[in-house]
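Peer 1: Below is the structure I would like to discuss, written out as structure tokens.
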Amino acid sequence: MMLVFQLAYATAVGFTAAGFASTLYSLYSGRTASLTHPVETIADGLRIIVLSLIAGPWILASSTYSSRREGNLTSGFFGAGIFISWLWSLCFGIILITLIEYLQA
């Protein structure tokens with residue numbers, strides 16, 4: 001039971017951090033975070049890579065949900081998108097928790 005709690009906690013940490021980063025990006029840049037921004041310079045490319053790594057789970061889940069609501073996704077692709085977002089959040093949460101534990105030591 002403790003393992004289930006740890007996995008749920010890591011997922012929540014990763015998804016919350018991704019949502020927070022996506023919201024900060026939207027407030028700072030004035031446009032919504034997306035995985036398909038145009039890249040004109042090397043700095044744009046690096047910015048999109050960092051944004052995708054940090055805010056990717058939130059971006060993927062929100063775009064999957066909005067596409068399903070509009071009727072553009074089947075149930076299978078919707079489930080796959082949410083599952084990938086969950087796994088990405090889990091991995092990102094484990095990385096964040098490990099990093100915070102390392103910095104506090």
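The values are calculated or read from the model by the stated rules, or taken from the named source; none is laboratory data. Since the model is a prediction, treat every value here as computed from it, not as a measurement. Cβ atoms come from the backbone with ideal geometry, glycine included; neighbour counts cover every protein chain shown. Side chains are part of the model used for accessible areas, which takes the heavy atoms of the whole protein and leaves out ligands, DNA and RNA. Shrake-Rupley method; radii C 1.70, N 1.55, O 1.52, S 1.80 Å.
Peer 1: Please list, ordered by first then second residue, the pairs with beta carbon atoms under 9 Å, 6 or more apart or interchain, first in region 24-35 and on the phi < 0 side of the Ramachandran plot, second part of a loop (DSSP other than H, G, I, E, B) and of a type in the set (A, V, I, L, M).
Peer 2: Y25/A33; S26/A33
Peer 1: Then there is this: For region 60-105, name all the residues that are open to solvent by less than 40 Å² (accessible area, probe 1.4 Å), among the hydrophobic types (A, V, I, L, M, F, W, C) and farther than 19 Å from A33 by Cβ.
Peer 2: L90
Peer 1: Could you tell me which of the residues L73, L103 is without any contact (Cβ under 8 Å) to a residue 12 or more places away in the chain and not in a helix (DSSP H, G or I)? Explain how you work it out, then say what you get.
Peer 2: Numbers: L103 fails: not in a helix (DSSP H, G or I).
So the residue among L73, L103 that is without any contact (Cβ under 8 Å) to a residue 12 or more places away in the chain and not in a helix (DSSP H, G or I) is L73.
Peer 1: Determine whether region 62-72 contains at least one residue that is in contact with a helix residue (DSSP H, G or I) (Cβ under 6 Å, 6 or more places away or on another chain) and among the hydroxyl-bearing types (S, T, Y).
Peer 2: Filtering region 62-72 down to residues in contact with a helix residue (DSSP H, G or I) (Cβ under 6 Å, 6 or more places away or on another chain) leaves 64, 68.
Next, only the ones that are among the hydroxyl-bearing types (S, T, Y) stay: 64.
The answer is yes, given that some residue of region 62-72 is in contact with a helix residue (DSSP H, G or I) (Cβ under 6 Å, 6 or more places away or on another chain) and among the hydroxyl-bearing types (S, T, Y).
Peer 1: More than 19 Å from L7 (Cβ to Cβ), modelled with pLDDT of 95 or more and either outside any helix (DSSP H, G or I) or open to solvent by 100 Å² or more (accessible area, probe 1.4 Å) (or both): is that true of F20 in this structure? Step through it out loud before you land on a result.
Peer 2: On the way: more than 19 Å from L7 (Cβ to Cβ): yes; modelled with pLDDT of 95 or more: yes; either outside any helix (DSSP H, G or I) or open to solvent by 100 Å² or more (accessible area, probe 1.4 Å) (or both): yes.
It is true that F20 is more than 19 Å from L7 (Cβ to Cβ), modelled with pLDDT of 95 or more and either outside any helix (DSSP H, G or I) or open to solvent by 100 Å² or more (accessible area, probe 1.4 Å) (or both).
Peer 1: Quick check on this structure: which one of L53, L46 is more than 22 Å from W86 (Cβ to Cβ), open to solvent by 100 Å² or more (accessible area, probe 1.4 Å) and under 18 Å from the mean Cα position of the chain (by Cα)?
Peer 2: Numbers: L53 fails: more than 22 Å from W86 (Cβ to Cβ).
So the residue among L53, L46 that is more than 22 Å from W86 (Cβ to Cβ), open to solvent by 100 Å² or more (accessible area, probe 1.4 Å) and under 18 Å from the mean Cα position of the chain (by Cα) is L46.
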